[in-house]
Amino acid sequence: MAKVVSALVKLQIKGGAANPSPPVGPALGAKGVNIMEFCKQFNARTQDKPGKVLPVVITVYADKSFDFIIKTPPVAIQLLEVTKLKSGSAESNRKKVASVSWDQVRTIAEDKMPDLNAFTIESAMSMVAGTARSMGITVSGERPY
Amino acid sequence: MLSISMNYLELVFTVNDPEGFVKDLLIAELSEIDFDTFEDTDKGFKAYIPADKFDETALKDQLAHYAEQFRFSYAINEIPQKNWNEVWESNFEPVTVGDKLHIRATFHPSKSDEFPLEIVIDPKMAFGTGHHETTYLMSEFLLQSEVEGKKVLDMGCGSGILAILASKLGAEELLAVDIDPVCVSSTVENAQLNETDNITSELGDIDEVNDSGFDLILANINRNILIRHMARYAEMLEDEGELIMSGFYEVPDLPIIQEEASKYDLKYISHYTRNNWVAAKFVK
């Protein structure tokens, strides 16, 4: 029989850095979950992405057990990372001169496909490119579709 | 070593975000200035930072670029440190490891007549109650090891449970170390609860441990930290000394740990698994 869900908790936590402070502590602790166990598991599962902000959806069940899904980082964060790598310079520069290629847009779109509300890779790429422009990041080159 | 003991600030952000990405941008910016965790809300998000790391000028600088383009505001609340885990800690079940060890809380009846070994733990937001696979596996290893008369280091001691078990198994001298002050005081309290008087509890990371010549090192932490500590573990062990590590998975982590250990001539002996979690033993 399916377990009864008592709460869904949506957080964004840095990889390898979950700790029992707020908001993890109060959000899970009040439901009777063993927070220490959540932190140990989250940190072990995100060892390869230390310091990256990762969205996580935690399902807490009526019997105080839990499970959770870790998603890939949001599009905006992935775009920032790509531009940072590219300019490799001070922060102020990064924001003024940032641009990404369509290949980079595709890479992010492929990574985020499962989480985006898109049916085709092209529509996912359009969403990523739209986010980039709104952020002041230029998408350089010919649109490949 | 799982716990950070300090007051936190909660910044409640209200974001005008029709397209849904402004929130992510702000979170990305905040993550670069010591904000460590975020919670989604209907009107924006909440961002969390240890109170002593908060710098409002740095925050305004970091967000200045977006303040021109987007509409958002925030309010600051302070959240005092407390034991967030107390609901779970107030009614957890005791744990038994094989037929030898019973781990219970102060509020459970003693079963010292049924089990040769009994440990009492009052966790207070420190890791290590025997419920987690890694603590269980480390305990299993300890129960099968020759501990009598040994000098033991418990690195990342949490509640102190492993040091206490090693002491009960006859270890002569024990050093329990953690980077978290909550764990250090928890270890002291739990050592008293269990009437073990040969455990020294110290605050710090591996580089702050000056002692060496250990016959046995216990480290239930995580893969990345174990890798970072490995060279020191090898230095601190006596020849023929044993290193038992946990806090990582069989797949994909165990081969990575084994490779790192081999760089320092630590020989892999064996490992136990439980739900993909591993405890592994190496010898110098």
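The values are calculated or read from the model by the stated rules, or taken from the named source; none is laboratory data. Keep in mind the model is a prediction, meaning the values are calculated, not measured. Positions of Cβ are backbone-derived with ideal geometry, glycine not excepted, and every protein chain shown enters the neighbour counts. Note: accessible area is taken over every heavy atom of the protein model, side chains too, but ligands, DNA and RNA are not part of it. Shrake-Rupley method; radii C 1.70, N 1.55, O 1.52, S 1.80 Å.
Identify all residues within region A:13-26 that are at the interface with chain B (Cβ under 7 Å from one of its Cβ atoms) and either open to solvent by less than 10 Å² (accessible area, probe 1.4 Å) or in a helix (DSSP H, G or I) (or both); write none if there are none.
Passing the criteria: A:Ile13, A:Pro20, A:Ser21, A:Pro22, A:Pro23, A:Val24, A:Gly25, A:Pro26.
Conditions (1) of a type outside the set (Val, Ile, Thr); (2) over 17 Å from the mean Cα position of the chain (by Cα), marked per residue:
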{"site": "B:Asn194", "(1), (2)": "yes, yes"}
{"site": "B:Ser201", "(1), (2)": "yes, no"}
{"site": "B:Ile221", "(1), (2)": "no, no"}
{"site": "B:Leu237", "(1), (2)": "yes, yes"}
{"site": "B:Phe248", "(1), (2)": "yes, no"}
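When you go through (1) part of a strand (DSSP E or B); (2) in contact with a Pro (Cβ under 7 Å, 6 or more places away or on another chain); (3) hydroxyl-bearing (Ser, Thr, Tyr) one by one for B:Ser159, which number turns out not to apply?
(1)
Cβ contacts < 6 Å: first residue more than 26 Å from A:Asn19 (Cα to Cα), restricted to region B:44-71; second residue open to solvent by 70 Å² or more (accessible area, probe 1.4 Å), any location; separation 6+ or different chain. Result?
Between residues of region B:44-71 that are more than 26 Å from A:Asn19 (Cα to Cα) and residues that are open to solvent by 70 Å² or more (accessible area, probe 1.4 Å), the close pairs are B:Arg71/B:Asn16.
Give me a count of the residues in region B:191-206 that are open to solvent by less than 40 Å² (accessible area, probe 1.4 Å), out of contact with any Lys or Arg (no Cβ under 7 Å at 6 or more places or on another chain) and over 30 Å from B:Pro116 (Cβ atoms).
2
Yes or no, residue by residue, for (1) of a type in the set (D, E, K, R); (2) modelled with pLDDT under 90:
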site	(1), (2)
A:Asn19	no, no
A:Gln41	no, no
A:Thr59	no, no
A:Ile69	no, no
A:Gly88	no, yes
A:Lys96	yes, yes
A:Val105	no, no
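Would you mind telling me which numbered condition in (1) in contact with a Lys or Arg (Cβ under 9 Å, 6 or more places away or on another chain); (2) more than 23 Å from B:Lys281 (Cβ to Cβ); (3) part of a loop (DSSP other than H, G, I, E, B) B:Ser186 fails?
(3)
Among the numbered criteria (1) within 14 Å of another protein chain (Cβ to nearest Cβ); (2) open to solvent by less than 10 Å² (accessible area, probe 1.4 Å), which one does B:Lys124 miss?
Going through (1) within 14 Å of another protein chain (Cβ to nearest Cβ); (2) open to solvent by less than 10 Å² (accessible area, probe 1.4 Å) one by one, B:Lys124 breaks only (2).
Tell me which residues, restricted to region B:258-284, are part of a loop (DSSP other than H, G, I, E, B), touching a residue at least 40 places away in the same chain (Cβ under 8 Å) and within 14 Å of chain A (Cβ to nearest Cβ). First the steps, then the outcome.
The initial filter retains those residues of region B:258-284 that are part of a loop (DSSP other than H, G, I, E, B), namely B:264-266, B:275-276, B:284.
Within this subset, residues satisfying the condition of being touching a residue at least 40 places away in the same chain (Cβ under 8 Å) are B:275, B:284.
Of everything in region B:258-284, just one residue is part of a loop (DSSP other than H, G, I, E, B), touching a residue at least 40 places away in the same chain (Cβ under 8 Å) and within 14 Å of chain A (Cβ to nearest Cβ), namely B:Asn275.
Could you tell me which of the residues B:Asp113, B:Asp122 is over 20 Å from the mean Cα position of the chain (by Cα) and not aromatic (Phe, Trp, Tyr)? Walk me through it before giving the result.
Working: B:Asp122 fails: over 20 Å from the mean Cα position of the chain (by Cα).
After ruling out the rest, the residue left standing is B:Asp113.
Taking region B:132-162, which residues are in contact with a Phe, Trp or Tyr (Cβ under 7 Å, 6 or more places away or on another chain) and of a type outside the set (Lys, Arg)?
Listed by number, the residues that qualify are B:Glu133, B:Thr134, B:Leu137, B:Glu140, B:Phe141, B:Val152, B:Leu153, B:Gly158, B:Ser159.
Quick check on region B:159-181: of everything there that is within 22 Å of B:Gln81 (Cα to Cα) and charged (D, E, K, R), which residue is surrounded by the fewest Cβ atoms within 10 Å (Cβ to Cβ)?
Among them, the one singled out is B:Asp180.
Between a residue in region B:211-225 that is within 14 Å of chain A (Cβ to nearest Cβ) and any residue that is acidic (Asp, Glu), which pairs come within a Cβ distance under 6 Å, given they are 6 or more apart or on different chains?
Close Cβ pairs satisfying both conditions: B:Arg223/B:Asp253.
Is it true that some residue in region B:245-257 is open to solvent by less than 20 Å² (accessible area, probe 1.4 Å), within 14 Å of another protein chain (Cβ to nearest Cβ), out of contact with any strand residue (DSSP E or B) (no Cβ under 8 Å at 6 or more places or on another chain) and touching a residue at least 24 places away in the same chain (Cβ under 8 Å)?
Scanning region B:245-257 turns up no residue that is open to solvent by less than 20 Å² (accessible area, probe 1.4 Å), within 14 Å of another protein chain (Cβ to nearest Cβ), out of contact with any strand residue (DSSP E or B) (no Cβ under 8 Å at 6 or more places or on another chain) and touching a residue at least 24 places away in the same chain (Cβ under 8 Å).
What do you reckon, is B:Phe141 away from chain A (no Cβ under 14 Å) and either open to solvent by less than 30 Å² (accessible area, probe 1.4 Å) or assigned to a loop (DSSP other than H, G, I, E, B) (or both)?
Yes: the conditions hold for B:Phe141.
Scanning for something modelled with pLDDT of 90 or more and more than 7 Å from chain B (Cβ to nearest Cβ), does region A:31-38 turn up at least one residue?
Looking for residues that are modelled with pLDDT of 90 or more and more than 7 Å from chain B (Cβ to nearest Cβ), one finds at least one in region A:31-38, hence yes.
Considering only region B:144-158, state which residues are small (Gly, Ala, Ser) and either out of contact with any helix residue (DSSP H, G or I) (no Cβ under 8 Å at 6 or more places or on another chain) or open to solvent by 40 Å² or more (accessible area, probe 1.4 Å) (or both).
B:Ser145, B:Gly149
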